[in-house]
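Only the coordinates and a few stated rules stand behind these numbers; no lab work does. These numbers come from a predicted model, not from an experiment. Note that we place each Cβ from the backbone using ideal geometry, even for glycine, and neighbour counts take in every protein chain shown.
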Amino acid sequence: MQFKAKAAGLAAGVAALTASLIGGALPAQAYDPDPTVSSYSRDTDTCPCSGGTLGDPFDGTYFEYDAGGTARKLELYSGDWFVGKVEFHPYQQKLWVYDTKNDGDTFYVHVAVDNHDGHGLTGWGQYKAPGTSAVMDYETFTLRNVSEGASIRIRVFDDEHHTDLIATAYGTA
């Protein structure tokens, strides 16, 4: 009888391990409470810009000259930890997304663009850092077909389903 119970327990453990290896693993935990956000903007008519409030412990921030553009940088903190940042660079319409802490969590960035063509905001998808074992992960994305002067809405979420909004910020292409 004890052998059957141990065999059943072993079979359940193997089934759970197999499910986790196949993709049944639990999703990363969300931040609770949400990270706090420091937001900075720069009129890129006066750039190149760097240093000051654009500095950070990872790679700083440098915005290039782009007439009529408004750059945006969001820094995310969980307690005393710098956990990530998001930057919109008007020059070449680049979005940079960083995850700066290996804590099993990431955040998701949704960008919408208003090209002022009478159709309002157009969603441009979801972006996130790659999530490797490196101390700092980042990815750079080019926002295509964005008109000069377009309004850029950047929303940062704590989950991939966009139900836990952390921050909203705006820039200008």
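Give me a count of the residues in the stretch 30-77 that are assigned to a helix (DSSP H, G or I) and of a type in the set (S, T, Y). Working first, answer last.
First pass over the stretch 30-77, keeping only residues assigned to a helix (DSSP H, G or I): 44-46, 52-54.
When the remaining residues are screened for being of a type in the set (S, T, Y), the result is 44, 46, 53.
Qualifying residue count, the stretch 30-77: 3.
Of the residues in the stretch 45-73, how many are touching a residue at least 40 places away in the same chain (Cβ under 8 Å) and either of a type in the set (G, A, S) or within 21 Å of R155 (Cα to Cα) (or both)?
Matching residues across the stretch 45-73 total 5.
Within the stretch 57-81, track down each residue that is in contact with a strand residue (DSSP E or B) (Cβ under 7 Å, 6 or more places away or on another chain) and buried (at least 19 other Cβ atoms within 10 Å of the Cβ).
T61, F63, G69, T70, A71, R72, K73, L74, E75, L76
Could you please give the count of residues in the stretch 132-166 that are small (G, A, S), surrounded by 12 or more Cβ atoms within 10 Å (Cβ to Cβ) and over 15 Å from F88 (Cα atoms)?
Pass one, the stretch 132-166, residues small (G, A, S): 133-134, 147, 149-151.
Those left that are additionally surrounded by 12 or more Cβ atoms within 10 Å (Cβ to Cβ): 134, 147, 149-151.
Cutting the leftovers down to over 15 Å from F88 (Cα atoms) gives us 134.
Summing the residues that are small (G, A, S), surrounded by 12 or more Cβ atoms within 10 Å (Cβ to Cβ) and over 15 Å from F88 (Cα atoms) in the stretch 132-166 gives 1.
For the stretch 59-96, name all the residues that are among the basic types (K, R) and either closer than 16 Å to C49 by Cα or touching a Cys at 6+ places or on another chain (Cβ under 7 Å) (or both). Quick ask: steps written out before the conclusion?
So in the stretch 59-96, the residues among the basic types (K, R) come out as 72-73, 85, 94.
Answer for the stretch 59-96, where residues must be among the basic types (K, R) and either closer than 16 Å to C49 by Cα or touching a Cys at 6+ places or on another chain (Cβ under 7 Å) (or both): R72, K73, K94.
Can you tell me how many residues within the stretch 33-56 are under 15 Å from Y98 (Cβ atoms), exposed (fewer than 14 other Cβ atoms within 10 Å of the Cβ) and touching a strand residue (DSSP E or B) at 6+ places or on another chain (Cβ under 6 Å)?
Total satisfying the criteria: 0.
With the requirement that a residue be hydrophobic (A, V, I, L, M, F, W, C) and in contact with a Gly (Cβ under 6 Å, 6 or more places away or on another chain), what does the stretch 85-106 give you?
Residues of the stretch 85-106 that are hydrophobic (A, V, I, L, M, F, W, C), as a first pass: 86, 88, 95-97.
Hit for the stretch 85-106 is F88, nothing else.
Of all strands (runs of 3 or more DSSP E) completely enclosed by the stretch 132-173, which ones contain at least 3 residues that are without any contact (Cβ under 8 Å) to a residue 60 or more places away in the chain?
Details: elements: 137-142, 151-157, 165-172.
Here the list reads 137-142, 151-157.
What about I166, is it touching a Pro at 6+ places or on another chain (Cβ under 8 Å) and either farther than 19 Å from V83 by Cα or β-branched (V, I, T) (or both)?
Working: touching a Pro at 6+ places or on another chain (Cβ under 8 Å): yes; either farther than 19 Å from V83 by Cα or β-branched (V, I, T) (or both): yes.
Taking the combined requirement at face value, the residue satisfies it.
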